[in-house]
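The values are calculated or read from the model by the stated rules, or taken from the named source; none is laboratory data. These figures come from a predicted structure and were not determined experimentally. Here the Cβ positions follow ideal geometry from the backbone for every residue, glycine too, while neighbour counts run over all protein chains shown. Heavy atoms of the whole protein, side chains included, go into the accessibility calculation; ligands, DNA and RNA do not. Shrake-Rupley method; radii C 1.70, N 1.55, O 1.52, S 1.80 Å.
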Amino acid sequence: MAVRFLENKGSGNILEISKARLLELTPNVYPLTWEAILSGKGDSVAILGAGFAEREVFFGFDGVDLTRYQLPTIDCYDIATNPPEKFLALRSQYPNLQLNYFCDRNLAELELTKLYAPKTLRLVSVHGVLDYLQPDAVMRLLLDIVKVQPEAISVRLFLIGNPWSRNFASTNQLAEEVKSIEIITSSLVEPIDFNLFCRTGIFRLDISDEDKIAHNLLPTYGASHVIPDKLVGYLKTQGYQLITSDVYSLTNQDLQGYESQHSNLNEYKCTNYPHGILLFFKR
């Protein structure tokens, strides 16, 4: 396993990880995400910020007899200017699958309501996307997702406790994030309306353009972070139930290979904060 740059400048980094290790870190959400693609109701699936779409799609197809399923059209949307070579290689293994990769898409301007009719999506997957957007764009995208009423929503939030973002976060912000996760795991989430979510559910880290570029991000990278329990509370008011979640942290072994790209590897060692959380909702 290794962390490495995506092929496209400005697309950030990606953790290359085996299916077995992925399931060790996140045993609950990915299996339900795969089940939603294979067996859900609706004609389409939308994957926002697809990367290789390996975790969301191809791991789920591994070892599965796809002839047993009425598969949806799977649309991948990504900031990358070209489909990653690995995606194309994986895609070639499924010649009968309707799998589209829409490149160079500004997810802040995607407007799902113009692409899909309500209740036609089995799943909207938003994995590692929201932090790329400005806070107002995060709000618009979440509102758009709710309006198309997918049967399921799978979200991966990039927490500020991750080794890189932690360099720019305050102690109070880190503490608030940890408390938010505790609220979710104890099932004490309070429903909140959209206006309250907009006021209290998103904050933005102050990261210089120089630091963004050094991390293979564009200066326009939003550094927006959604407070997990606020997202759960908002979606609760929109008729979505949190089915399961996974909180995870990467180890030094997971981050192997990062040393060749960053001189501050020691900042990635030993953390008391989780790096990410996955949330799976159903309507």
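Yes or no: the range 113-123 includes at least one residue that is modelled with pLDDT of 90 or more, hydrophobic (A, V, I, L, M, F, W, C) and either open to solvent by less than 20 Å² (accessible area, probe 1.4 Å) or under 23 Å from Leu231 (Cα atoms) (or both). Show your work before the answer.
Step one: list which residues in the range 113-123 are modelled with pLDDT of 90 or more, which gives 113-123.
Then drop every residue that is not hydrophobic (A, V, I, L, M, F, W, C), which leaves 115, 117, 121, 123.
Narrowing further to those that are either open to solvent by less than 20 Å² (accessible area, probe 1.4 Å) or under 23 Å from Leu231 (Cα atoms) (or both): 121, 123.
Yes, some residue in the range 113-123 is modelled with pLDDT of 90 or more, hydrophobic (A, V, I, L, M, F, W, C) and either open to solvent by less than 20 Å² (accessible area, probe 1.4 Å) or under 23 Å from Leu231 (Cα atoms) (or both).
Looking across the range 80-93 at every residue that is out of contact with any Phe, Trp or Tyr (no Cβ under 7 Å at 6 or more places or on another chain) and free of Cβ contacts under 8 Å to residues at least 60 places away in the same chain, the one that is most open to solvent (accessible area, probe 1.4 Å) is identified as Gln93.
For Leu97, are the conditions met, namely being within 18 Å of Ala36 (Cβ to Cβ), at pLDDT below 90 and among the aliphatic types (A, V, I, L, M)? I'd like the intermediate steps shown before the answer.
Numbers: within 18 Å of Ala36 (Cβ to Cβ): yes; at pLDDT below 90: yes; among the aliphatic types (A, V, I, L, M): yes.
Yes, satisfied.
Restricting attention to the range 202-242, which residues are of a type outside the set (Ser, Thr, Tyr), assigned to a loop (DSSP other than H, G, I, E, B) and open to solvent by 30 Å² or more (accessible area, probe 1.4 Å)? Give the derivation first.
So in the range 202-242, the residues of a type outside the set (Ser, Thr, Tyr) come out as 202-207, 209-219, 222-223, 225-233, 235-236, 238-239, 241-242.
Narrowing the set further to residues that are assigned to a loop (DSSP other than H, G, I, E, B) leaves 205-207, 215-216, 218-219, 222-223, 227, 238-239.
Result: Asp206, Leu218, Pro219, Gln238, Gly239.
Across the range 29-50, the qualifying residues are those that are touching a helix residue (DSSP H, G or I) at 6+ places or on another chain (Cβ under 8 Å) and not in a helix (DSSP H, G or I), and the one among them that is farthest from Ala80 (Cα to Cα) is Val45.
Quickly run through the range 138-165 and pick out the residues that are of a type outside the set (S, T, N, Q), open to solvent by 50 Å² or more (accessible area, probe 1.4 Å) and out of contact with any Gly (no Cβ under 7 Å at 6 or more places or on another chain). Passing the criteria: Arg140, Leu143, Lys147.
The listed residues are Ile192, Ile145, Ile183, Ile153, and the only one of them that is in a loop (DSSP other than H, G, I, E, B) and touching a residue at least 12 places away in the same chain (Cβ under 8 Å) turns out to be Ile192. Within the range 179-201, the residues that satisfy the criterion of being surrounded by 15 or more Cβ atoms within 10 Å (Cβ to Cβ) and either of a type in the set (Ser, Thr, Tyr) or under 19 Å from His275 (Cβ atoms) (or both) are Ser180, Ile181, Ile183, Ile184.
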